[in-house]
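Okay, structure first, notes after.
Each value in this text was obtained by applying a stated rule to the coordinates, not by laboratory testing. Worth saying up front: this structure is predicted, and the values here are computed from it rather than measured. So basically every Cβ, Gly included, is an ideal-geometry build from the backbone, and we count neighbours across all protein chains shown.
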Amino acid sequence: MAAKSELQTKIFDYGEKEINHILSLDPLLGAVIKRLGHLDREVIPSLFPALIYNIVSQLVSLKSAETVWANMLERLGEITPDNLIKFAPDDIQRCGMTMKKAFCISEVSNLVVKKELDLDNFENLSDEEVVSQLTKIKGIGRWTGEMILILSMERPDVVSFGDLAIRKGMERLYGIEKISKAQFEKYRSLYRPYGSVASIYLWEISHLQEELWKAIK
């Protein structure tokens, strides 16, 4: 993940307690977790760059997001609100993203600088309150808010219905052609209060090659 090399990152913190809890309530997922072993999932603890990275990542491949991020570091410099407000949305857009995302990044930067968006206070908010704060900003949807909860704040119990890979992982794991919201909630309830660990494994399940998946399940 070279494009994020200038950011402070860490690995999502979980261990046997979370895995054993999931195994006790969902033996199917638990068995796959045991076969896959511990998965390292990188997170960005600093909320502002994490939020900008997740805006960049909306509806694009990991490779595309990393390319845009590298362009931003090269052309714009430090990913801080005080630096990004120096650039017009056109400048941000030239890094390789849509104008909609460029406007959103510009808006977030301005809101933080004006102290109208207090990221430092997010630790004091519930999951739903964090999502609510973020989705008030045009261009930020629930998926982005939930990714911030998992991949920056390390909140323990987040499983995003809006994430295609998580849904695909569930479909593959439970042999469902197209999972409904009701089915999703049923399985999601099995993971509480460690849904974020389940999400990490569902992401992995969704991306496994078919031959490897057949050997694991």
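Rounded, prolate or oblate: which fits segment 121-172 when a ≥ b ≥ c are the square roots of the eigenvalues of the alpha-carbon gyration tensor, with rounded for a/c under 1.5 and prolate only if a/b beats b/c?
Oblate shape, in that a/c is at least 1.5 and b/c is the bigger or equal ratio.
Roughly how big is segment 44-151's charge dipole about its Cα centre, with Cβ charges of +1 (Lys, Arg) and -1 (Asp, Glu), in debye to the nearest 20?
With only Lys, Arg, Asp and Glu charged at Cβ, the dipole is about 480 debye.
Quickly rank 121-127, 70-76, 210-216 as a protection proxy: mean count of other C-beta atoms within 10 Å, highest first.
Put in order of decreasing packing, that is 70-76, 121-127, 210-216.
I'd like the per residue volume of the convex hull spanned by the Cα atoms of the chain, given in cubic angstrom.
123 Å³
Points 7 angstrom from Cα along the Cβ direction at Lys181 and Thr9: gap in nanometres?
So the two model labels end up 3.4 nm from each other.
Measure nothing but the geometry: give the 0 to 90° angle between the long axis through the Cα atoms of 181-191 and the longest principal axis through the Cα atoms of the chain, rounded to 10°.
80 degrees
Set Lys and Arg Cβ to +1 and Asp and Glu Cβ to -1, take the dipole of the chain about its Cα centre, and tell me which of Pro27, Leu47, Asn83 lies farthest positive.
After comparing all options, I get Pro27.
Nearest 10 degrees, 0 to 90: what angle lies between the long axis of helix 99-113 and the longest principal axis of the chain (Cα atoms)?
Computed tilt is about 80 degrees.
Using +1 at the Cβ of each Lys and Arg and -1 at the Cβ of each Asp and Glu in segment 58-176, identify which of Ile148, Leu117, Thr98 lies farthest towards the dipole's positive end.
In segment 58-176, that residue is Thr98.
Taking Cα centroids, how far is segment 123-170 from segment 29-96 in Å?
Centre-to-centre (Cα) distance: 15 Å.
Compute, for segment 1-99, the length of the dipole vector about the Cα centre, with Cβ point charges of +1 (Lys, Arg) and -1 (Asp, Glu) only. Units Debye, rounded to 20.
240 debye
Once both axes come from the Cα atoms, what is the angle between helix 62-75 and the longest principal axis of the chain, in degrees from 0 to 90, rounded to 10?
Helix 62-75 sits at roughly 20 degrees to that axis.
Summarise the long-distance tail of P(r) for segment 44-151 by giving the % of C-alpha pairs beyond 24 Å.
16 percent
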